[in-house]
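First up is the structure itself, then whatever we jot down about it.
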Protein chains: 2
Amino acid sequence: MAERQPHTKTPATDRELQAARERFVSLWGQMGSSWGIPRTMAEVHALLFIVGRPMNTDELMAGLGISRGNASMTLRSLTEWGIVSRTRQRGDRKEYFEAEQDVWKLFRTILRERKKREVDPLLEALHSCRDAVRPKEGRKIGPEAGEAEEMVARIDQMLEFMHMIEAISRRFIGPDGEGLETAARLLGRAS
Amino acid sequence: MAERQPHTKTPATDRELQAARERFVSLWGQMGSSWGIPRTMAEVHALLFIVGRPMNTDELMAGLGISRGNASMTLRSLTEWGIVSRTRQRGDRKEYFEAEQDVWKLFRTILRERKKREVDPLLEALHSCRDAVRPKEGRKIGPEAGEAEEMVARIDQMLEFMHMIEAISRRFIGPDGEGLETAARLLGRAS
DNA sequence: GCCTGTTTTCAGAAAATTCTGAATATTCAG
DNA sequence: CTGAATATTCAGAATTTTCTGAAAACAGGC
């Protein structure tokens, strides 16, 4: 005790703000990286989100200590994902980027995109995998018949589950769907 | 074409079965690795799941071409996650492992576990991050007041969203919850 | 066209993650 | 308790992923 000046009850000093921003960025980056999203990509998004206004490449590079190349590629991914958009600032030739500010929309987009990129291809592959073992005729003959049948049953169980999820997500996550909010409302209800 | 004997309409040859198994394992491994789960861990789980019976460490090592150390550590993670369990085979000193076969239960467990390990700590950290900038008094004075307020609002939006998810998951994913199936049923309903 | 400021690309460097294998520990039968 | 079988650990190796930076491409303005 001492040192720290007691001065006023300013809501938050500039330094505190800055520190909190960095904390947020780093938390978000860590979360991203544990869910298979490159840490820097999550951090760029976090910074744009928390700052809440468009930033240009140089500001991002400086703010996160990353290279121009990295910034460029990361921003491209983020715009392809649809959670960051390019804008222009009049009187400045640089490009500016800003993050989607609506959290519901943000997660909806992320879920939709991941489904499209990762789940859908898996589903298709699983189907073809199943069809490769499923008996072509209705008749079972070989000694492997039983084993094959069990395996098909297991894959089917998996597929059935994933199709259920698919149907739900088409309804709530899809581009023309009812939105995550509706889903949350339904789930929040009594029974 | 020749070579391949036309012989009978056996549902699936041993070789086909084997190939499909490997395909499944590799698909699952890939999916896992794009969601931040070590490829081998997902593969071990996939193999146990698709095979549907307990396997010992040596079988797994041979089946996936991994080292004993890797197998040991991976199996430990999987049992800690609660989606693989140890069993003993009478008359054999080796330990055997088998995967949860109920897909709903499987995903429920995975979701619960990831929430516990990744989301909950994030939530707590976000709270403390928010509290660090929130004006201590009801009064706003400094020049940063506005900026700080906006930032708190953004974090709050995020927290609000996550708490909603939390509440839902406590209800459907939690150990004593109603289960994913109920959630799916609710979401599948008309409106 | 040419010049200037800006963005993109991508081969190789750096970093992070995952895996191996030999040493160590454990378990259990006798 | 002893010894054989099995399981775990962890430092360093191998691999995969991510990042850098300099060269190339682009976009206006003149």
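The values are calculated or read from the model by the stated rules, or taken from the named source; none is laboratory data. All of these numbers come straight from a predicted model, not from anything done at the bench. Counting neighbours? That spans all protein chains shown, and the Cβs are built from the backbone with ideal geometry, glycine included. Just so you know, the surface numbers come from the protein's heavy atoms only, side chains and all, with ligands and any DNA or RNA stripped out. Shrake-Rupley method; radii C 1.70, N 1.55, O 1.52, S 1.80 Å.
Taking the convex hull of the alpha carbon positions in the protein assembly as shown and averaging its projected area over all directions gives 29.0 nm². Here the dipole of the range B:14-99 is about 200 debye; that uses its Cα centre as origin and unit charges on the Cβ of Lys and Arg (positive) and Asp and Glu (negative). Probing with 1.4 Å while keeping every protein chain in the model, the per residue accessible area of the protein assembly as shown equals 55 Å².
Remark: mean inter-chain Cβ contacts per residue of A:75-87 equal 0, using a 10 Å Cβ-Cβ cutoff to other protein chain atoms. The charge dipole of the protein assembly as shown, taken about the Cα centre with unit charges on the Cβ atoms of Lys, Arg (+1) and Asp, Glu (-1), comes to about 100 debye, rounded to the nearest 20.
Among B:111, B:180, A:122, the sequence by solvent-accessible area, most first, with a 1.4 Å probe is B:111, B:180, A:122. Can you bin the range B:14-99 into rounded, prolate or oblate? Criterion: square roots of the alpha carbon gyration tensor eigenvalues sorted a ≥ b ≥ c, rounded for a/c under 1.5, prolate for a/b above b/c, oblate for the rest. Because a/c hits 1.5 or more and a/b fails to exceed b/c, the range B:14-99 counts as oblate.
Adding -39500 (n - 2.57) for every DSSP H run of four residues or longer, then dividing by how many residues the protein assembly as shown holds, sets the calculated 222 nm ellipticity at -20500 deg cm²/dmol. The B-A contact accounts for approximately 6300 Å² of buried accessible area, totalled over both chains at a 1.4 Å probe radius.
Residue B:97 exposes around 10 Å² of accessible area when a 1.4 Å probe is run over every protein chain in place. Across the range A:114-125, coupling constants 3J(HN,Hα) worked out from phi with the 6.51/-1.76/1.60 Karplus curve, θ = phi - 60°, read 5, 4, 4, 7, 10, 6, 4, x, 4, 4, 5, 4 Hz, and Gly and Pro carry x.
Working from label points 7 Å from Cα in the Cα-to-Cβ sense, the residue A:89 to residue A:118 distance is 3.4 nm. Between the alpha-carbon centres of the range A:155-189 and the range B:100-128 there is a gap of 19 Å.
Once the Cα atoms are used to define both axes, helix B:39-51 deviates from the longest principal axis of chain B by about 50 degrees. Projecting the Cα positions of B:163, B:127, B:109 onto the charge dipole of the range B:103-188 (unit charges on Cβ atoms of Lys, Arg, Asp and Glu, taken about the Cα centre) puts B:109 furthest along the positive direction.
Element breakdown for chain A at a 1.4 angstrom probe: carbon and sulfur atoms account for 51% of the accessible area.
Classify the range A:104-188: rounded, prolate or oblate, from the alpha-carbon gyration tensor (a ≥ b ≥ c, eigenvalue square roots; a/c under 1.5 rounded; otherwise prolate if a/b is larger than b/c)? It comes out prolate by the Cα gyration axes. Using a Gaussian network model of chain A in which every pair of alpha carbons under 10 angstrom is joined by a spring, one finds that among A:44, A:133, A:119 the greatest mean-square fluctuation is at A:133. Residue by residue, the range B:167-182 carries 3J(HN,Hα) couplings of 4, 4, 6, 4, 6, 10, 9, x, x, 10, x, 7, x, 4, 4, 4 Hz when phi is fed to the Karplus relation 6.51 cos²θ - 1.76 cosθ + 1.60 (θ = phi - 60°); x denotes Gly or Pro. Remark on residue B:56: its backbone amide H falls under 5 Å from those of B:97, a criterion applied only to residues 5 or more positions apart or on other chains, H modelled at 1.01 Å from N. The modelled label-to-label distance between residue B:166 and residue B:62, using points 7 Å beyond Cα along the C-beta direction, is 4.9 nm. Given R₀ = 22 Å, FRET efficiency for residue B:15-residue B:80 by Cβ-Cβ distance, to 0.05? So, using R0 = 22 Å, E works out to roughly 0.05.
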